[in-house]
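Read the structure below first, then the notes.
Values in this text are rule-based calculations from the coordinates and carry no lab data. On a predicted model such as this, the values are computed, not experimentally measured, just so you know. When we count neighbours, we look across all protein chains shown, and the Cβ atoms used for this are built from the backbone with ideal geometry, even at glycine.
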Ligand SMILES: *Cc1c(COP(=O)(O)O)cnc(C)c1O
């Protein structure tokens, strides 16, 4: 028997200032989508925009569209729109490449600004690509640059006078724990180091003020809370004060001062565009551009506030309804210290998540034991959270997750 939706929860939806945005998304029926932190849902305007870009701009316009539709200016225009989500100036952000590639570009750029320092500090358990990209820079420089990865409580002590760069993820991809950008940036600067923030789980989910914190560099994803589509371009931020000196190691022709002069030698362009490398993927950029136009209609404060409330409600309902089944909260309980997703720990996390997905509630699993639930404020209702907790309770109570079919692993989790 399905319990009835409590009236306080329908009241939350009735007074939700973001409620109108749900209609702007294509959401399959019978699905509660709690994985927008990994791949945002499809805004209807994105499908329309990509269709126009394909048929009219590419199909009819052909190569003329680089100028006629300003395809060539799209990385900058998208970057300028992104800036308002992260507390940057429009000319400090550009949409380009993937988050991984942008990390590499900025790790090397930062290291060259601190030539007498050897270490890049980060925390163990950071998203793997952040760690791996530092290792790549270490390999390339034959150890001139070295990774110093420490446990989170040792972070501040690890930021010493030999550190060139501190690279941290603002909202942790598993736990959702949120670092204090202002405080850690201050700490790094006090030691003479630069700071690179990975905003993959922050942009479009929580309020970020890079310039307020005097951050040096940042990167982030376009396909998570920004709903740009699978593999949408990422972004990078370089504070204006570093524009003249910070250079990309990937010296592709679109970062050249005059790409269409076709010179034999590389000269970096002025401004943020020197961090471009090669020809941008216009279909992905167009999708992200349209999605940002939609998100810009919402107040970022409201988005962040609703994300906290959805997460708080989920934690409360899970603790009330699913007690005694071995679930443990793996996120900060205080929503002020948490991003927009909630992690639960369970030793059978994988099959439980598979059974839940089968029941129509899509979250994801992160090895070894984390069930992750993302709360995207633009298209989720409070009642969805309630229904998700109800479905989770049903999976646990019935033990349906013990069926062998829920143990099969696919290539992507
Ligand atoms: C999702 C995520 C990435 C993804 O990087 P890609 O290059 O887009 O695959 C990077 N860093 C963090 C912290 C992430 O959460």
Exercise. Being within 23 Å of residue 313 (Cβ to Cβ) and out of contact with any helix residue (DSSP H, G or I) (no Cβ under 9 Å at 6 or more places or on another chain) narrows it down to one of 24, 51, 4, so name that one.
Key: 4
Self-check item: Whichever residue in region 172-194 is part of a helix (DSSP H, G or I) and within 16 Å of the ligand (Cβ to nearest atom) and, among such residues, is surrounded by the most Cβ atoms within 10 Å (Cβ to Cβ)
Solution: 181
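Of all residues in region 195-204 being assigned to a loop (DSSP other than H, G, I, E, B) and within 11 Å of the ligand (Cβ to nearest atom), which is surrounded by the most Cβ atoms within 10 Å (Cβ to Cβ)?
Taking region 195-204 as the starting set, the residues that turn out to be assigned to a loop (DSSP other than H, G, I, E, B) are 199-204.
This time we only want the ones that are within 11 Å of the ligand (Cβ to nearest atom), so: 199-203.
Working: 199: 29, 200: 26, 201: 27, 202: 27, 203: 24.
In this case the residue turns out to be 199.
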Self-check item: helices (runs of 4 or more DSSP H) wholly inside region 82-171 that include at least 2 residues being within 12 Å of the ligand (Cβ to nearest atom)
Solution: 99-113, 128-140
Quiz item: So, of the residues in region 70-81 that are more than 17 Å from the chain's Cα centre (by Cα) and touching a residue at least 40 places away in the same chain (Cβ under 8 Å), which turns out to be nearest to the ligand (Cβ to nearest atom)?
Solution: 75
Exercise. Give the residues of region 213-247 that are in a loop (DSSP other than H, G, I, E, B) and more than 16 Å from the ligand (Cβ to nearest atom), sorted by residue number.
Key: 213, 214, 216, 239, 243, 244, 245, 246, 247
